[in-house]
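> Can you keep this structure in mind? I'll have questions shortly.
The values are calculated or read from the model by the stated rules, or taken from the named source; none is laboratory data. Since we're looking at a predicted model, the values are computed, not measured. In this analysis, Cβ positions are derived from the backbone assuming ideal geometry, glycine residues included, and neighbour counts consider all displayed protein chains. Quick note on the areas: whole protein, heavy atoms, side chains included, nothing else; ligands and nucleic acids left out. Shrake-Rupley method; radii C 1.70, N 1.55, O 1.52, S 1.80 Å.
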Amino acid sequence: MQPTTKITASIVPKAQRSTLLPKPLELEIQHAMRMICEDYQGGSWEFYELSDRQAAYIAPGRDELLSIKVAGAFYEGSMTADAAGITATLIALNKLANTTRLSRFANQYHALRMFACTHPEQHKILIAAA
C-alpha cells in the first residue's frame with residue numbers, strides 16, 4: 001500500500017495571484033463571504049493553492065475569528081478567516097458547478113472539500129458548506 005501524501009495549502013505570492021482563479025470565481029467567493037459573514041465589509045485577501053494543484057481558495061487577510069451564518073445549512077458559529085475562506089470558496093464552487101455545468105468547477109469543489117476534511121476546523125467547514 002502506497003503512503004498518501006498530505007495535501008497542504010500555501011500562500012500564493014501577489015505577483016502570481018491574477019492567474020490562480022478565474023475572475024468570475026473570485027467575485028463569487030467574495031459574494032459568498034458577504035452573504036455568510038456580517039463582519040465582512042471587504043478588505044485584503046490571502047490566496048492559497050493546494051500542494052497537489054487541484055484547487056485553490058481565498059480567505060480574508062484577518063487574524064480574528066469571524067462570525068459565520070449559513071441559513072441554508074443551519075450553521076451559525078465562529079471560524080478562523082482561513083476556514084471561512086474555504087467555506088466561501090466551496091459555496092462559490094458549488095454554485096458555479098451547478099449553474100455552468102463545467103466539470104472544472106466540480107473537480108475543484110471535490111478537491112477542496114477533500115482538503116477541508118483534513119483542516120482543524122473540518123466539522124465547521126463541512127456543515128457550513130453543505
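> So which of Lys14/Lys69; Lys23/Lys95; Lys69/Lys124 end up more than 19 Å apart, counting from Cα to Cα?
Pairs exceeding 19 Å: Lys14/Lys69.
> Once the piece of chain linking Gln54 and Thr118 is laid out straight, how much longer is it, given 0.36 nm per residue of separation minus the C-alpha distance between them?
Length gained between Gln54 and Thr118: 21.5 nm.
> For Arg34 and Lys14, FRET efficiency with R0 = 22 Å and r from the beta-carbon atoms, rounded to 0.05? List each step's numbers first, then the result.
Numbers: r = 23 Å, r/R0 = 1.03.
After rounding to 0.05, the efficiency reads 0.45.
> Specify which labelled value, from (1) 1.31; (2) 1.20; (3) 0.99, agrees with Cα Rg over 2.2 N^0.38 Å derived from the coordinates of the model shown.
(3)
> State the Cα centre-to-centre distance between the range 1-56 and the range 95-128 in whole Å.
Centre-to-centre distance over Cα atoms comes out at 12 Å.
> Would you work out which of Leu93, Ala116, Trp45 lies farthest towards the positive end of the dipole of the chain? Charges go on Cβ: Lys and Arg +1, Asp and Glu -1.
Leu93
> Right, something else. Over the range 39-130, what percent of the accessible surface lies on carbon and sulfur atoms, probe 1.4 Å?
51 percent
> Now for a separate question. Net charge around Pro22, counting only other residues with Cβ within less than 11 Å of its Cβ (Lys, Arg = +1; Asp, Glu = -1)? Spell out each step's value before the answer.
Values: positive: Lys23, Arg104; negative: Glu26, Glu28.
Cβ neighbours under 11 Å give a net charge of 0.
> I'd like to compare 79-85, 100-106: which one has the highest average count of other Cβ atoms within 10 Å, and what's the full order after that?
Ranked by mean Cβ neighbours within 10 Å, highest first: 79-85, 100-106.
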